[in-house]
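Scroll down for the structure; my scribbles are underneath it.
The values are calculated or read from the model by the stated rules, or taken from the named source; none is laboratory data. Just so it is clear, the structure is predicted and the values come from calculations on it, not from any experiment. Heads up, the Cβs are rebuilt from the backbone with ideal geometry, glycines too, and the neighbour counts pull from every protein chain shown.
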Amino acid sequence: MTITPLAPDVLPDRHELGRLYRSRLSKGRATLGEMFGGHVEVASEGAWVTTSNGRRFLNCGGYGVFLTGARHPAVIRRVAEQLHTHPVATRIFLEPQAALAADALVSVVPEGLSRVHFAGSGAEAVETAIKLARTRGRTRLVATHGGYHGKTMGALTLTGKSLFQDPFRPLLPDTTHVPYGDAEALRDVLARIPGEGCVFVEPVQGEAGVVIPPAGYLTQVAALCAEFGALLVLDEIQTGLGRLGTWWGADAEGVVPDILLVGKGLSGGVVPVSAVVATPAAFKAFDQDPYLHTSTFSGVPLAMAAARGAIEAIKDNDLVTRSRTLGEEILTRLRTIVVGHFGEVVREVRGRGLMLGIEFAEPGPAGDLLIELIQQGVIANHSLNSHLVLRLTPPAVLDSTDLEFLYEAMDRACRTQAARYTPTSGGV
């Protein structure tokens, strides 16, 4: 069979694209795009995104997806091979890519987690964990204020932000939120529901604004779950696979959950994929009945190839160590630049690995700095659960030239915006 290559699409210009967004997708999304400059992204490679007019942006955003950068060769090689052989499976026969991807993932998770269910998004992984908890009799869900676990109905119930929840109530019943980092508050809740609880927690809260818990918090959470017979679900969809400078955020305290949620970076920035990795005990019901929880595209070979490529890239390029060392350097430089310009308007510049947050003491600067950074050629992110925090989640493949571009752009952006909030600012 001979395949004739398609002619390149003639892409709409930014005005036509805006019209299509308004009439076919979302008026709000179109407005948001215009607020960020009306740029149209059409290509990406490594740490850089290229727009339709040929301008390049350093991608320090992407909500944690691009740990390996865009189109990493190891990911592209595996995905391209799968695309041209067998991209989607029948789901009747056994298929090797799913088994190999599961084995690769188990090789890098904490010992004791050995069963894998693949899904298409982080929220799907959260829903799977809720259902696994139900099969173990844990029907009382406990999550944290400011936590973010997705926006499907079950995941939204856990997401600790009423702004996202209120339009869709009623949500799942028997769900409690406790302050993040407060082990005693968690104890009070679990003591009232012995043997019934399932606790969802992030090692570092991403969408809350890179909130780092007190040392020992995860250890306390795990001990409380053991004491009161609760299942522990660690949501490492943003923090896992090296983003925090360790393979998993829980590694810093040696915590092994009953269920680990994986996503974002597992895609290699190429094909969306997520995973639930569980102990045999937590996974027992799914082990016994393969039809109990299914999805047409769960374990699709194309996504499995991407997952294998992502894990291979992280291992072979030692991106976990690189996340740690790069994160330490960037955090130090950001503190100097941002505090030097904004002074007391900055509450804190914090981070772990390549999850970094700049928290301001008042509304306004975070959003203005985000827009200004884009003007200066750097993509960053806001925090969905905190309007005071600007976040950066850069890839672990930044080189020295990329870093200098980032620092210079941040300096220019801060210099411009600090003048609005600190009129006497003289810069660094």
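Brief remarks follow.
- Once region 132-154 is narrowed to residues that are among the basic types (Lys, Arg) and either touching a Gly at 6+ places or on another chain (Cβ under 7 Å) or outside any loop (DSSP other than H, G, I, E, B) (or both), the residue that is nearest to His117 (Cα to Cα) is Arg134.
- Condition check for Asp235: touching a Leu at 6+ places or on another chain (Cβ under 7 Å), within 27 Å of Thr135 (Cβ to Cβ), of a type in the set (Asp, Glu) and outside the structural domain of Gly46 (by TED's automatic domain parsing): yes
- Flag for Ala129 being within 17 Å of Asp258 (Cα to Cα), out of contact with any helix residue (DSSP H, G or I) (no Cβ under 7 Å at 6 or more places or on another chain) and in a helix (DSSP H, G or I): yes
Results for (1) farther than 20 Å from Asp399 by Cα; (2) among the small types (Gly, Ala, Ser); (3) touching a strand residue (DSSP E or B) at 6+ places or on another chain (Cβ under 7 Å); (4) surrounded by 12 or more Cβ atoms within 10 Å (Cβ to Cβ), shown as yes or no for each residue.
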site	(1), (2), (3), (4)
His15	yes, no, no, no
Arg24	yes, no, no, no
Gly37	yes, yes, no, yes
Ser44	no, yes, yes, yes
Ser52	yes, yes, yes, yes
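- Being modelled with pLDDT under 95 and either assigned by TED's automatic domain parsing to the domain that holds Lys284 or within 22 Å of the chain's Cα centre (by Cα) (or both) is a property that Leu141 lacks.
- Against the test of being outside any helix (DSSP H, G or I) and charged (D, E, K, R), the options Arg350, Arg324, Arg333 yield a single qualifying residue, Arg350.
- Answer from Val88, Val109 - the residue that is more than 22 Å from Leu260 (Cα to Cα) and not in a helix (DSSP H, G or I): Val88
- Among residues of region 76-96 that are within 11 Å of Val270 (Cβ to Cβ), none has a Cβ under 7 angstrom from a residue that is assigned to a helix (DSSP H, G or I) and of a type in the set (Ser, Thr, Tyr) at a sequence gap of 6+ or on a separate chain.
- Single match in Pro96, Pro87, Pro73 (criterion: surrounded by fewer than 17 Cβ atoms within 10 Å (Cβ to Cβ), in contact with a helix residue (DSSP H, G or I) (Cβ under 6 Å, 6 or more places away or on another chain) and of a type outside the set (D, E, K, R)): Pro87
- Within the option set Gly351, Gly309, Gly357, being within 20 Å of the chain's Cα centre (by Cα), in the same structural domain as Gly122 (by TED's automatic domain parsing) and not hydrophobic (A, V, I, L, M, F, W, C) holds for one residue only, Gly309.
- Qualifying residues in region 240-269 (those that are in a loop (DSSP other than H, G, I, E, B) and aliphatic (A, V, I, L, M)) - the one surrounded by the fewest Cβ atoms within 10 Å (Cβ to Cβ): Val256
- Top-ranked residue in region 365-412 [being of a type in the set (Gly, Ala, Ser) and at pLDDT 95 or above; ranked as farthest from Thr50 (Cα to Cα)]: Ala366
- Where Thr157 falls short, out of the listed (1) at positive phi; (2) part of a helix (DSSP H, G or I): (1)
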